[in-house]
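Single-structure report; data block below.
The values are calculated or read from the model by the stated rules, or taken from the named source; none is laboratory data. These numbers come from a predicted model, not from an experiment. Glycine gets a Cβ as well: all are built from the backbone with ideal geometry, and neighbour counts include every protein chain shown. Note: accessible area is taken over every heavy atom of the protein model, side chains too, but ligands, DNA and RNA are not part of it. Shrake-Rupley method; radii C 1.70, N 1.55, O 1.52, S 1.80 Å.
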Amino acid sequence: MKKSTRLSLDVSPELNETLDEISKKTHASKSEVLRKSIALMEVAVREKELHHHLAVINNDNQVVKEIIGL
């Protein structure tokens, strides 16, 4: 197993509050929230390279929000 790398991160009070809220809602640590966020960003970057779009869809498979600017 690869050894972990420890990072130090400075965030604004607003971003820290957002991390706290997501952490509570998902019952995950801030570190886990950041790891999952990076994984999601990795998917977005890879799909953008393929000229695909990232979107939120509802239960009827209709796009309700397209994610742009990533």
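Only residues that are part of a helix (DSSP H, G or I), open to solvent by less than 100 Å² (accessible area, probe 1.4 Å), of a type outside the set (D, E) and farther than 22 Å from A55 by Cβ: list them for the range 19-32, please.
The initial filter retains those residues of the range 19-32 that are part of a helix (DSSP H, G or I), namely 19-26, 30-32.
Still in the list and also open to solvent by less than 100 Å² (accessible area, probe 1.4 Å): 19-23, 26, 30-32.
Still in the list and also of a type outside the set (D, E): 19, 22-23, 26, 30-31.
L19, S23, K30, S31 - these are the residues of the range 19-32 that are part of a helix (DSSP H, G or I), open to solvent by less than 100 Å² (accessible area, probe 1.4 Å), of a type outside the set (D, E) and farther than 22 Å from A55 by Cβ.
Could you count how many residues in the range 57-70 are at pLDDT 95 or above and either closer than 28 Å to L7 by Cα or open to solvent by less than 60 Å² (accessible area, probe 1.4 Å) (or both)?
1
With the structure loaded, tell me whether K48 is modelled with pLDDT of 95 or more, open to solvent by 100 Å² or more (accessible area, probe 1.4 Å) and not aliphatic (A, V, I, L, M) or whether it fails that test.
Values: modelled with pLDDT of 95 or more: no; open to solvent by 100 Å² or more (accessible area, probe 1.4 Å): yes; not aliphatic (A, V, I, L, M): yes.
In short, no.
Quick check on this structure: which one of V64, V45 is in a strand (DSSP E or B) and of a type in the set (A, V, I, L, M, F, W, C)? I'd like the intermediate steps shown before the answer.
On the way: V45 fails: in a strand (DSSP E or B).
Exactly one residue qualifies, and that residue is V64.
Which ones in the range 1-18 are part of a helix (DSSP H, G or I) and among the β-branched types (V, I, T)?
Result: T18, single match.
Could you tell me whether L54 is touching a Leu at 6+ places or on another chain (Cβ under 9 Å), open to solvent by less than 70 Å² (accessible area, probe 1.4 Å) and modelled with pLDDT of 95 or more? Explain how you work it out, then say what you get.
On the way: touching a Leu at 6+ places or on another chain (Cβ under 9 Å): yes; open to solvent by less than 70 Å² (accessible area, probe 1.4 Å): yes; modelled with pLDDT of 95 or more: no.
No, not satisfied.
When you look at N16, is it open to solvent by less than 100 Å² (accessible area, probe 1.4 Å) and touching a strand residue (DSSP E or B) at 6+ places or on another chain (Cβ under 6 Å), yes or no? If you could, list the steps in order and put the result at the bottom.
Values: open to solvent by less than 100 Å² (accessible area, probe 1.4 Å): yes; touching a strand residue (DSSP E or B) at 6+ places or on another chain (Cβ under 6 Å): no.
Spelling it out, it is not the case that N16 is open to solvent by less than 100 Å² (accessible area, probe 1.4 Å) and touching a strand residue (DSSP E or B) at 6+ places or on another chain (Cβ under 6 Å).
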